[in-house]
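Trainee: My questions will all concern the structure given below.
The values are calculated or read from the model by the stated rules, or taken from the named source; none is laboratory data. Note that the coordinates shown come from a computational prediction; the quantities given were computed from them, not determined experimentally. Reconstructed Cβ throughout: ideal geometry from the backbone, glycine too, with neighbour counts over all protein chains shown. Note: areas computed on protein heavy atoms with side chains; ligands, DNA, RNA excluded. Shrake-Rupley method; radii C 1.70, N 1.55, O 1.52, S 1.80 Å.
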Amino acid sequence: MIRRVHSLIICGAFCALSFNGQAQYVSHNKEKVNDFNTPMHLMKPEYKTPYGVATPEEVKGVIDRVLTFLEPATPFKVINKETQAEVTDLRKIDKNSVLEKGTFRLASYEWGVTYAGMLLAAQTTGDARYSKYVSDRFNFLASVAPYFEKLRKEGIVEPQIRQVIHPEALDDAGAMCSAMIKAQNDGLKCNTRAMIDNYIDFVMNKEYRLADGTFARKRPMYNSVWLDDMFMAIPAIANMGKLTGDKKYYDEAVKQVLQFADRMFIKEKGLYRHGWVEGMSEHPAFHWGRANGWAILTKVEVLDALPENYPGRDKILELLRAHIRGLAACQSGEGFWHQLLDRNDSYLETSATAIYTYCIAHAINKGWIDPLAYGPVAMLGWHAVESKVNQAGEVEGTCVGTGMGFDPAYYYYRPVHKYAAHGYGPVILAGGEMIRLLKTTYPKMNDSAVQFYHKQQKTDKPIFAEE
C-alpha cells in the first residue's frame, strides 16, 4: 500500500502522545478533542486523490493494467473486409484487404507516444512484454507497408496504413518516426529503417514552413504556428541526429526549439501559448495543458538526443527549467493540472498531468533540476495520474483532440473520453520514469508531507530532522 500519512490518526478516539521524549497518555473519557489532549497536527487529511510515497511495485501495477488493456485493444492483422478472414499470406493483399480495427490506431501520433512509453517501461521494469508490444507492431507495419504502397499507387488507399506509407502532415510522421528510431537505438529487431527514412523525409523536406523555416500550417488561418508541432516534428529530427550522427539534424532541432520559443513562450508565466498566427496584430495567450505538454516533452527529447555541450543545448536546458518552474506553480491541490493552466475553473486533465509528471521526473533523474524542490511535484502528479487508471486499465479524464482556439470556452468545453488515445502513452511514460525516480532517490514522509532527500532517512518518526 502507498505510505500515506499514517502517524497518529485521530478520529474521535485518543491515543498515546509523545512530548519532549516523555510518554504522555490521553485519557479515554468523552471529553472534546482540543489542543491539549490531541496532536491535531498529526491528524490524517481527507485527500481526494492519494497522497504519500509510492513504491516501484505499485507504480508498475498501474501501468501493467494499461498494458493488459492495450494488448487486445490494438490488434495487428490484415483481414479481408468482406469476409473478415485473416490474410496470412501477405502476397495476397488486395483491394479488399484492410488492417483489423481495434480501439486505437496503430500508426497515429498518439500511438507514437505510446510506443515510446512502452520502450521506457521495458527499460525501467525489465518486463519484456513492453518491448514485445512495440516490436510486434513495428514489424507488422514494416511487413505490410510495401504491399499497401503498391495498392496506393493504384489508387486504393487503406486509411490506417496511409499515414505510414504516405504521410501528409506532421501528425502522421514525427511521433511515429521518433519512436521507431528509439526502438532501433534500443536494439529491438525491427525492420523499420525504410519507414524512418520516409517519415524524416516528409518532416525535413515537405512540411509547410514560415519564411524563417519554423514549422507552420495554413489553418485555422494562413501561417499559423501550433505549439503541438514542436512535438510532431522536432524530437524525430533530434533523434535522427542521434541515429546517424549527422549534425544537420541537431542544428535543425535546436533552431526549431528556439524559434518556437521566440513566438510562443511567455517568460512572465513560464508557459507557452497554444497558437501564434502571423497575420494577427495581437497574439492571444491560451495556455492549453496538453500543448504545453508537447512543448516540454520536446525539450526533454532534444536534450536527451543532443551531445553534451552542443551549441544551443544550454539555451534549451534553461528553457526547460523556466517551463518547469511555470508549470509547478500551476499544479492543483489534487495533483492534476488544469485544461487551461492558469485558469483554475477549467477542468483537471489527465494527459497533460501525465506528460508533466514524466518530464519533471525525467529532468530529476537526468540531474537537470533539483529533486528536493521538484520530487514532491512529480509524486503528487503521479498520484493524480494513477487515480485515473480504472481497474480495466482504461485511462479516464483525457481531453479529446483539440484544434486552435482564441476564446476560453473552446478549451473549457472540449470533451473528455476514456478512449481519447492521447492519454495512454503519457501514463506509461510517467509510470516508467517514476519507477526510475523511486529507485534512485529517497522520498519519505516527514511531518505529513512528501519530502525528497539526498540520502536514505532511516527513522520512522512522524516528524524528524534530516540525518
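Trainee: What pairs come up if the first residue lies in the range 105-134 and is without any contact (Cβ under 8 Å) to a residue 12 or more places away in the chain and basic (Lys, Arg), the second is assigned to a helix (DSSP H, G or I) and open to solvent by 10 Å² or more (accessible area, probe 1.4 Å), and their beta carbons are under 9 Å apart, counting only those six or more places apart or on different chains?
Mentor: From residues that are without any contact (Cβ under 8 Å) to a residue 12 or more places away in the chain and basic (Lys, Arg), the pairs are LYS132/ALA122.
Trainee: Moving on. Name the residues in the range 424-467 that are out of contact with any Pro (no Cβ under 9 Å at 6 or more places or on another chain) and among the hydrophobic types (A, V, I, L, M, F, W, C), would you?
Mentor: VAL427, ILE428, LEU429, ALA430, ILE463, PHE464, ALA465
Trainee: Another question about this same structure. Give the range 48-67 a look and list any residue that's within 15 Å of LYS444 (Cβ to Cβ), surrounded by 17 or more Cβ atoms within 10 Å (Cβ to Cβ) and not hydrophobic (A, V, I, L, M, F, W, C), or say none.
Mentor: TYR51, GLY52
Trainee: Restricting to the range 221-246, count the residues that are surrounded by fewer than 16 Cβ atoms within 10 Å (Cβ to Cβ) and in contact with a Gly (Cβ under 7 Å, 6 or more places away or on another chain).
Mentor: Qualifying residue count, the range 221-246: 2.
Trainee: Can you tell me which residue within the range 282-300, out of those that are open to solvent by 10 Å² or more (accessible area, probe 1.4 Å) and in contact (Cβ under 8 Å) with a residue 40 or more places away in the chain, is nearest to the chain's Cα centre (by Cα)? Steps first, please.
Mentor: Kept after step one, since they are open to solvent by 10 Å² or more (accessible area, probe 1.4 Å), are these residues of the range 282-300: 282-286.
After this cut, where a residue has to be in contact (Cβ under 8 Å) with a residue 40 or more places away in the chain as well, the list is 284, 286.
Values: PRO284: 26, PHE286: 20 Å.
Looking at residues that are open to solvent by 10 Å² or more (accessible area, probe 1.4 Å) and in contact (Cβ under 8 Å) with a residue 40 or more places away in the chain, I get PHE286.
Trainee: Sticking with this structure for a sec: On the given criteria, is GLY155 open to solvent by 20 Å² or more (accessible area, probe 1.4 Å), on the phi > 0 side of the Ramachandran plot and not charged (D, E, K, R)? Full working, then the answer.
Mentor: On the way: open to solvent by 20 Å² or more (accessible area, probe 1.4 Å): yes; on the phi > 0 side of the Ramachandran plot: yes; not charged (D, E, K, R): yes.
Answer is yes for this residue.
Trainee: So, of the residues in the range 249-281 that are under 15 Å from VAL225 (Cβ atoms) and acidic (Asp, Glu), which turns out to be least open to solvent (accessible area, probe 1.4 Å)?
Mentor: Our first condition is that a residue be under 15 Å from VAL225 (Cβ atoms); within the range 249-281, this holds for 255-266, 272-280.
Okay, now just the ones that are also acidic (Asp, Glu), so 262, 278.
Details: ASP262: 130, GLU278: 90 Å².
Filtering the range 249-281 for residues that are under 15 Å from VAL225 (Cβ atoms) and acidic (Asp, Glu), the one least open to solvent (accessible area, probe 1.4 Å) comes out as GLU278.
Trainee: Further question: Does the range 318-327 contain any residue that is in a loop (DSSP other than H, G, I, E, B), out of contact with any strand residue (DSSP E or B) (no Cβ under 7 Å at 6 or more places or on another chain), under 30 Å from MET240 (Cβ atoms) and among the basic types (Lys, Arg)?
Mentor: No, there is no match, as no residue in the range 318-327 is in a loop (DSSP other than H, G, I, E, B), out of contact with any strand residue (DSSP E or B) (no Cβ under 7 Å at 6 or more places or on another chain), under 30 Å from MET240 (Cβ atoms) and among the basic types (Lys, Arg).
Trainee: Where residues in the range 135-152 are out of contact with any helix residue (DSSP H, G or I) (no Cβ under 7 Å at 6 or more places or on another chain) and either under 18 Å from LYS418 (Cα atoms) or free of Cβ contacts under 8 Å to residues at least 24 places away in the same chain (or both), which of them is least open to solvent (accessible area, probe 1.4 Å)?
Mentor: PRO146
Trainee: Okay, next question. Kindly indicate which of LYS267, LYS248 is among the basic types (Lys, Arg), modelled with pLDDT of 95 or more and over 26 Å from GLY326 (Cα atoms).
Mentor: Answer to the selection: LYS248.
Trainee: Only one of ALA194, ALA211 is open to solvent by 60 Å² or more (accessible area, probe 1.4 Å), at pLDDT 95 or above, over 27 Å from HIS283 (Cα atoms) and small (Gly, Ala, Ser). Can you tell me which? Steps first, answer last, please.
Mentor: Numbers: ALA211 fails: over 27 Å from HIS283 (Cα atoms).
Matching residue, one of ALA194, ALA211: ALA194.
Trainee: Further, regarding this structure: Limited to the range 124-133, what total is found for residues that are outside any loop (DSSP other than H, G, I, E, B) and touching an Asp or Glu at 6+ places or on another chain (Cβ under 9 Å)?
Mentor: 5
Trainee: A further question follows. Would you be able to tell me the number of residues in the range 71-118 that are under 30 Å from GLU433 (Cβ atoms), open to solvent by less than 50 Å² (accessible area, probe 1.4 Å) and not β-branched (Val, Ile, Thr)? So that I can check it myself, show each step before the final result.
Mentor: Narrowing the range 71-118 to residues under 30 Å from GLU433 (Cβ atoms): 71-76, 102-118.
Now restrict to residues that are open to solvent by less than 50 Å² (accessible area, probe 1.4 Å): 73-75, 102, 104, 106-118.
Okay, now just the ones that are also not β-branched (Val, Ile, Thr), so 73, 75, 102, 104, 106-112, 115-118.
Going through the range 71-118 one residue at a time, the tally reaches 15.
Trainee: Which residues, taken from the range 393-412, are in a loop (DSSP other than H, G, I, E, B), touching a residue at least 24 places away in the same chain (Cβ under 8 Å) and within 20 Å of the chain's Cα centre (by Cα)?
Mentor: GLY393, GLU394, GLU396, GLY397, THR398, THR402, GLY403
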